[in-house]
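The values are calculated or read from the model by the stated rules, or taken from the named source; none is laboratory data. These figures come from a predicted structure and were not determined experimentally. Note: ideal-geometry Cβ built from the backbone for every residue, glycine included; neighbour counts use all protein chains shown.
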Amino acid sequence: MTAAGDFLPADENQALDVGPTYPTAFGIELTPKVQGIGLGVLGLIGSFVLYNFVVKPVVEQKTALEAEVAQKQAQVDQQRASLQDRAALQAELNSAIEQRVGVYSLLGGSQTLDTLLLDINQQIQNSNAAIADVLRANPATLDNAQLAALGLTREQIQRVKTQFAATPQVQKQLFSSELLRFNPSPPEPVTDLGPELTGKLERVTVDVSMQALFPQTLSIMRNIERLEPLIIIKDMQQSIAPPPADATEEELLGISRLLLTDYTLEVLVPVGDPSVPPEPPPPPPAEGEAPVEGAPPPEGG
């Protein structure tokens, strides 16, 4: 019995036994395995190229920008701290200048002598006006407190008006105050109050001479002491004023006399504007260098 189709022809069997064919390159058959290895190598090479030529420059640029940003931030922080320090220093400077102006206000100024002269003259005029009112009034109607403030008594007024009735001018001269001399000297630099004040203050001396009854003299001296500027009173001398030309010492016995008072006033005046800070001292010279011209010598030099 013959079975048809149980066996294939020999040529067909050989064709089935032959495997698939792959392309070759450089004598290497590009099998799937070889192709996978090649693709992996190409991927590594591409990644290396991509990192070195794309990623790495970006990373380096990013790092440089971050460093620059950090540097700029540090500069901003430093400037902010400098501004805060400057504001604190400015506040300290303003406080020091305010204290300096307050201290210098205790000293004299360009208007101190004018104010002092006007004040003394004003007191003398007020005293003389009160004396004139007393001499014009009836002694019996005079107020004892008013007379005591002038250093007089009712009996003295009555005696003067009786004894010098023919010379009213003498009655007035016996009790009238007068500023005889007020001579300020040119300002002189202060050099005897220590090196800290040398070149910063000037001294003005005023030679004063006046005559007045004791209460008026005391009032003028106290008023000078109460003035805000610092005024030093020195070399005070007092004596009995000579009598007027038409009166004698014998006629004035028992009557309050004018006192002749001579004294010297010292006024310390600051040099320059106290609200302007002084120039900072020059830096000390380096070792071996000559000091700056005009700079004070070093301590102990």
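Quick one: in the range 188-244, of everything that is among the acidic types (Asp, Glu) and exposed (fewer than 13 other Cβ atoms within 10 Å of the Cβ), which residue is farthest from Gln122 (Cα to Cα)?
Keep residues of the range 188-244 that are among the acidic types (Asp, Glu), which gives 188, 192, 196, 202, 207, 225, 228, 235.
Applying the additional criterion that residues be exposed (fewer than 13 other Cβ atoms within 10 Å of the Cβ) yields 188, 192, 196, 225, 228, 235.
Details: Glu188: 29, Asp192: 34, Glu196: 38, Glu225: 16, Glu228: 18, Asp235: 24 Å.
Per the criteria, the residue is Glu196.
Report whether or not Asn128 is in the same structural domain as Gln211 (by TED's automatic domain parsing), within 20 Å of Val208 (Cα to Cα) and of a type in the set (S, T, N, Q). Lay out the reasoning, then the answer.
Working: in the same structural domain as Gln211 (by TED's automatic domain parsing): yes; within 20 Å of Val208 (Cα to Cα): yes; of a type in the set (S, T, N, Q): yes.
When the stated conditions are applied, Asn128 passes them.
Of the residues Arg181, Arg100, Arg159, only one is of a type outside the set (Gly, Ala, Ser), touching a residue at least 12 places away in the same chain (Cβ under 8 Å) and not assigned by TED's automatic domain parsing to the domain that holds Ile231; which?
Working: Arg181 fails: not assigned by TED's automatic domain parsing to the domain that holds Ile231; Arg159 fails: not assigned by TED's automatic domain parsing to the domain that holds Ile231.
Among Arg181, Arg100, Arg159, only Arg100 is of a type outside the set (Gly, Ala, Ser), touching a residue at least 12 places away in the same chain (Cβ under 8 Å) and not assigned by TED's automatic domain parsing to the domain that holds Ile231.
Consider only pairs whose beta carbons are under 8 Å apart and that are at least six residues apart or on different chains; among these, list those whose first residue lies in the range 103-123 and is over 14 Å from Pro270 (Cα atoms) and whose second residue is in a loop (DSSP other than H, G, I, E, B).
Listed by first residue and then by second, the contacts come to Thr115/Leu227; Leu116/Leu227; Asp119/Leu227; Gln123/Ser177.
Would you please name the residue that is nearest to the chain's Cα centre (by Cα), looking only at residues in the range 159-209 that are among the β-branched types (Val, Ile, Thr) and assigned to a loop (DSSP other than H, G, I, E, B)?
Applying the first criterion (among the β-branched types (Val, Ile, Thr)) to the range 159-209 yields 160, 162, 167, 170, 190-191, 198, 204-206, 208.
Narrowing the set further to residues that are assigned to a loop (DSSP other than H, G, I, E, B) leaves 167, 190-191, 198.
Working: Thr167: 62, Val190: 22, Thr191: 24, Thr198: 19 Å.
Of everything passing the filter in the range 159-209, Thr198 is nearest to the chain's Cα centre (by Cα).
Would you check if there is a residue in the range 133-148 being loosely packed, with under 11 Cβ neighbours inside 10 Å, touching a helix residue (DSSP H, G or I) at 6+ places or on another chain (Cβ under 8 Å) and either more than 20 Å from Leu218 (Cα to Cα) or in contact (Cβ under 8 Å) with a residue 12 or more places away in the chain (or both)?
Let us first name the residues in the range 133-148 that are loosely packed, with under 11 Cβ neighbours inside 10 Å, namely 136, 138, 140-141, 144-145.
From what's left, touching a helix residue (DSSP H, G or I) at 6+ places or on another chain (Cβ under 8 Å): 140, 144.
Remaining after also requiring either more than 20 Å from Leu218 (Cα to Cα) or in contact (Cβ under 8 Å) with a residue 12 or more places away in the chain (or both): 140.
The answer is yes, given that some residue of the range 133-148 is loosely packed, with under 11 Cβ neighbours inside 10 Å, touching a helix residue (DSSP H, G or I) at 6+ places or on another chain (Cβ under 8 Å) and either more than 20 Å from Leu218 (Cα to Cα) or in contact (Cβ under 8 Å) with a residue 12 or more places away in the chain (or both).
Is there a residue in the range 78-91 that is free of Cβ contacts under 8 Å to residues at least 60 places away in the same chain, assigned by TED's automatic domain parsing to the domain that holds Met236 and among the hydrophobic types (A, V, I, L, M, F, W, C)? Spell out how you get there, then give the answer.
Of the residues in the range 78-91, the ones free of Cβ contacts under 8 Å to residues at least 60 places away in the same chain are 78-91.
Those left that are additionally assigned by TED's automatic domain parsing to the domain that holds Met236: none.
Looking through the range 78-91, none of the residues is free of Cβ contacts under 8 Å to residues at least 60 places away in the same chain, assigned by TED's automatic domain parsing to the domain that holds Met236 and among the hydrophobic types (A, V, I, L, M, F, W, C).
For the range 191-224, which positions are touching a residue at least 40 places away in the same chain (Cβ under 8 Å) and of a type in the set (Asp, Glu)?
Correct list: Glu202, Asp207.
Glu249 passes all but one of (1) surrounded by fewer than 16 Cβ atoms within 10 Å (Cβ to Cβ); (2) within 25 Å of Glu98 (Cα to Cα); which number fails?
Evaluating Glu249 over (1) surrounded by fewer than 16 Cβ atoms within 10 Å (Cβ to Cβ); (2) within 25 Å of Glu98 (Cα to Cα) leaves (2) as the failure.
For the range 240-285, what are the residues that are in contact with a Lys or Arg (Cβ under 7 Å, 6 or more places away or on another chain), more than 21 Å from Thr153 (Cα to Cα), in a strand (DSSP E or B) and among the hydrophobic types (A, V, I, L, M, F, W, C)?
Of everything in the range 240-285, just one residue is in contact with a Lys or Arg (Cβ under 7 Å, 6 or more places away or on another chain), more than 21 Å from Thr153 (Cα to Cα), in a strand (DSSP E or B) and among the hydrophobic types (A, V, I, L, M, F, W, C), namely Leu268.
Under 17 Å from Asp119 (Cβ atoms) and either exposed (fewer than 14 other Cβ atoms within 10 Å of the Cβ) or out of contact with any Asp or Glu (no Cβ under 6 Å at 6 or more places or on another chain) (or both): is that true of Arg257 in this structure?
Values: under 17 Å from Asp119 (Cβ atoms): no; either exposed (fewer than 14 other Cβ atoms within 10 Å of the Cβ) or out of contact with any Asp or Glu (no Cβ under 6 Å at 6 or more places or on another chain) (or both): yes.
Criteria not met by Arg257.
Tell me the residue from Gln61, Gln73, Gln84, Gln78 that is surrounded by fewer than 11 Cβ atoms within 10 Å (Cβ to Cβ), in a helix (DSSP H, G or I), among the polar types (S, T, N, Q) and modelled with pLDDT under 80, please.
On the way: Gln61 fails: modelled with pLDDT under 80; Gln73 fails: modelled with pLDDT under 80; Gln78 fails: modelled with pLDDT under 80.
Among Gln61, Gln73, Gln84, Gln78, only Gln84 is surrounded by fewer than 11 Cβ atoms within 10 Å (Cβ to Cβ), in a helix (DSSP H, G or I), among the polar types (S, T, N, Q) and modelled with pLDDT under 80.
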